[in-house]
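Report on one structure; see the data block that follows.
The values are calculated or read from the model by the stated rules, or taken from the named source; none is laboratory data. Predicted model only: the values in this text are computed from it and were never measured. Cβ coordinates were reconstructed from backbone atoms using ideal geometry, including for glycine residues, and neighbour counts include every protein chain displayed. Heavy atoms of the whole protein, side chains included, go into the accessibility calculation; ligands, DNA and RNA do not. Shrake-Rupley method; radii C 1.70, N 1.55, O 1.52, S 1.80 Å.
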Amino acid sequence: MLSKAVKLRETSSFMLEWMKAPLVTASVFPSSERLARKMVKGLNADIGKVVELGPGTGVFTRQLLTCGIPEDNLVLIELNRKFANNMQEAYPKAMVVNGAAESLTRLHLKEVGAVVSGLPFLSMKDKQIDDILRGAFQVLKHGGVFIQFTYGHRCPVKTHILKHHGLIAERSSFVLNNFPPASVYHIKKHPH
Ligand SMILES: C[S@@+](CC[C@H](N)C(=O)[O-])C[C@H]1O[C@@H](n2cnc3c(N)ncnc32)[C@H](O)[C@@H]1O
């Protein structure tokens, strides 16, 4: 549990970054702890490396650590420099990259167990989403999962993009206790 002071500091930092770049930050507030718990549900230390895209102020990162993923098995990719610097300071053993999720393959990772995405897919272009999924499924190991949340009523990845990559999406949770309420999707390779 975070102290009220830390929570307030994170929320105000998030709001400030949202005012500077509303489409990139894409939410006025960080996600709730309830949503964060649903995002990491089922993950544990045995999964190996976990890539987090768009960690922001780190609400999902904290839950990844809580469910046993060692800090040095975390790769955090964040476009916002301030957020990335804060994450590197808080988690010195994690690999923190201040850059775009689209360039994931440049990190030459392999056998990643899960990609946990806080990216604002609803405000991203199809081409961006396409590039992100291509990169993610290049580094994910067989059976690896891409976890994405959305404020929308359906999977934020369009059907033709899923089909193009041979993927299937399944809604794993709906979280009312988040602003706005959100759904969590698990995206995986179609079992042929
Ligand atoms: C909706 S916020 C989610 C933050 C955090 N995961 C949470 O749930 O509270 C989206 C985050 O993705 C980051 N972001 C947006 N576009 C990105 C991109 N192309 N590559 C990496 N990070 C990106 C933003 O800077 C922001 O931190």
For the chain, the accessible surface attributable to carbon and sulfur atoms (probe 1.4 angstrom, ligands and nucleic acids excluded) amounts in percent to 57
Per the helix-only model, the chain has a calculated mean residue ellipticity at 222 nm (DSSP H runs of ≥4, -39500 (n - 2.57) each, divided over all residues, rounded to the nearest 500) of -10000 deg cm²/dmol
Note on region 23-64: the mean projected area of its alpha-carbon convex hull, in nm², is 3.2
Within the under-9-Å Cβ sphere about VAL184, not counting VAL184, Lys/Arg +1 and Asp/Glu -1 give a net charge of +3
Cα extents of the chain per principal axis, largest first, Å, are 50, 34, 27
Residues whose built amide H sits under 5 Å from the amide H of LEU167, excluding neighbours closer than 5 in sequence, are HIS190
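Counting DSSP beta bridges in the chain, what percent are antiparallel, to the nearest 5?
Restricted to the chain, the bridges split so that about 45 percent are antiparallel.
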With DSSP loop assignment and no more than 14 other C-beta atoms within 10 Å, the trypsin sites (Lys or Arg not before Pro) in region 129-179 are ARG154, LYS158
From the cross-link list LYS38/LYS127; LYS158/LYS189; LYS41/LYS141; LYS38/LYS82, the entries with a Cα-Cα span beyond 22 Å are LYS38/LYS127; LYS38/LYS82
Region 93-116 and region 123-141 have their Cα centres apart by a whole-number Å value of 12
Computed over the chain, protein heavy atoms only, probe 1.4 angstrom, the accessible area per residue in square angstrom equals 54
Between the Cα axis of helix 81-90 and the main Cα principal axis of the chain, the angle (0 to 90°, nearest 10) is 80
